[in-house]
């Protein structure tokens, strides 16, 4: 039986009308069109306190960290749309990655939920560079925790006016490009895991 | 009248026994010894929610962001000890920098509280590299918001056993090195601002 | 018939007794042991002038650039040992990558000889960090030209005394680690290309 | 007597009509207008072989490396226009920095010709980002060899059509911006060294 790529998709923003949520939804559709099973989540549904070692020592991992960790473990691919705040990733994205990286038991292999995953990155931002500089940091961050990050990426500039009411990008070439990102990940996984 | 350098010092950790809090306290002492006025703060005293644009639109800046912003404006130098989580900075440090960077009024110049500040970085970590990889990210982050980051820095490896009961580094050479970092910043500011 | 991974291996140094040449030879052996066909080359055999656009306009690509380009095209994987000079890659490595990246005809797709290749990096250096900081730049460089760089890497510190007369690493654990890097690349390719 | 800032200016390209040479000449003028003494050099006048440790062991530093080293020692500021090749700096720029960094005698302090220098960076490129990604690497490179790199920088996109016959930027705002970069460096040095 053929392998169906399983992809976890999310944006590094909790904002209701986040352009990064819109962007990742398009990439997720591109991955589905290419045969992948995509779980699109909203980090707003997984609130967690800012990571603090004392908090972890006292209470262990928050329930939402455990849930997210399980989700990471159950998927082979990651589609991440990362908003750029001050030329880097959002505190929300980093906080999520850090909590999820923590071990629940001593038996757990370090970074087990990240190691060997394959990721594709995108960004949307109001500015002219589309969040490109922030992706440099996200890429380095993920590779340091053993994720394979594919070279393909997309940065959507002028994002406040880039999306139509249906959530798609008004520029057809850009829309195809973002759909194509999802497809790239799905096809990579299908080939690698077959 | 001679100019007295004003330095804001803090660690990117809220943990009670944070090795980065200990490290920055030593660097702060080095700056004081060199004639600077140092305000050493604990980010645990300035709790803030994780940055969220919707929250900001609804409620404006948290009181603690306003207080911190005022502190940044009143100081010329920054001494920052940055813990390394997953090879990068902590969500707490990024969250602080992001909230503080937000404008309270439209009249405010962008990044006014960061532009032209001079920073020196250090890190302490349990591992063998002492948080060195994380400093690469902190440096890039600060420079992108117009902070001058001096090339001098220190990474304290094996930090769990590096500090004595008095809070100083047991290795005298290392202790002098961290004191020297504070001195470097104080002297740079004294020379630049005289 | 099973696919045999084809790997091009080289060091970013032309030096006769280069520790990076020794290191990449071990990784190459690890790849061969895992079933790959490895072409181990010495950049000293491919001398080229420093890249200069005027030179290229006048004379086209040097013969050695054309030969290297052909080699890149014929292999699916790259094993690169990168010496660290001033915390970054060597001018020799960059010069090689830049000349090879140039198109010989207008019909040629941009970066055709790099796109989709899979690379694994290592470094050896006399210092305590083993060239780790330089690998950050090599990684970013390769990913920007569409190479998939696997997260696994090795930095051999104290390299001047790390190798025995037989060219192997005296520390058995380190020897196995570098052999393992080659194996990682071979297995990744075998799985991806099968 | 007032201090006159001494600035060494050059581009990381040897090309006759290099847009980066044009760009750095404008920034140099801005620095002169602000009272600095600027030495504008052309790396084409300082040809050197690609750095090779065996070559250095056999013949020592090339004469041009010694001349450049002397120039670095005699100046307090650096104005560098860096062409972007494959998203990073040119082999020519790296080769120059590496040769110049080598010690001629054992008595020489490491990196003496770079330590404490203050630099400002710019880039010009045919593409839409103007060489911005390459500057990330130049910045990291220089800071690792103890240069203070000011946060201000400029990337000139569409550079092939950006300059008039007189060598100035046709866009007056951009021209002022690049002149301003030189001024920023001159004023920083004047203030710091007074």
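Computed from the alpha carbon positions, the gyration tensor of the protein assembly as shown leads to an equivalent ellipsoid with semi-axes of 36, 35, 28 Å, biggest first.
Once the Kirkwood radius over Cα pairs is known for the range C:71-194, the Stokes-Einstein relation at 37 °C and 0.692 mPa s delivers a diffusion coefficient of 212 µm²/s. Inter-copy label distances at residue A:45, using a point 7 Å along Cα-to-Cβ, come to 4.1, 5.7, 6.6 nm with the shortest given first. DSSP beta bridges confined to the protein assembly as shown are antiparallel in about 10 percent of cases.
Relative to the dominant Cα principal axis of chain D, helix D:19-33 is inclined by about 80°.
Once the Cβ-Cβ distance of residue C:193 and residue D:2 is raised to the sixth power relative to R0 = 51 Å, the FRET efficiency obtained is 0.15.
Comparing Cα centroids, the range B:10-76 and the range C:110-126 end up 41 angstrom apart. In terms of its C-alpha gyration tensor, the range C:1-105 has an oblate overall shape, because the principal axis ratio a/c (a ≥ b ≥ c, square roots of the eigenvalues) is not below 1.5 and a/b does not outweigh b/c.
Across the identical copies, the 7 Å label point of residue A:193, projected outward along Cα→Cβ, sits 2.3, 5.6, 6.0 nm from its counterparts, in ascending order. Can you figure out the FRET efficiency of residue D:63 with residue C:160, using R₀ = 22 Å and their beta-carbon distance, to the nearest 0.05? According to the calculation, E is roughly 0.15.
Between residue D:74 and residue C:176, the modelled label-to-label distance comes to 5.9 nm, taking each label 7 Å out from Cα in the direction of the beta carbon.
Distances, shortest first, from the label point of residue A:103 to those at the same position in the other copies read 4.2, 4.8, 5.2 nm; the point lies 7 Å along Cα to C-beta. Note on B:117, D:66: ascending count of other Cβ atoms within 10 Å places them as D:66, B:117, the fewest first.
What is the angle, in °, between the Cα long axis of helix C:132-144 and the longest principal axis of the Cα atoms in chain C? Nearest 10 is fine, range 0 to 90. The answer is roughly 40 degrees.
Please report the antiparallel percentage of DSSP beta bridges with both residues in the range B:6-193, rounded to the nearest 5. The partial results should precede the final answer.
Values: 2 of 22 bridges.
Of the beta bridges lying entirely in the range B:6-193, close to 10 percent run antiparallel.
Compared with the dominant Cα axis of chain A, that is its longest principal axis, helix A:172-193 is turned about 40°. Distance from the axis that maps chain D onto chain B is least for the Cβ of the chain D residue given, with the whole Å value, as D:192, 3.
Values in this text are rule-based calculations from the coordinates and carry no lab data. As the structure is a prediction and not an experimental result, all values here were calculated from the model. Reconstructed Cβ throughout: ideal geometry from the backbone, glycine too, with neighbour counts over all protein chains shown.
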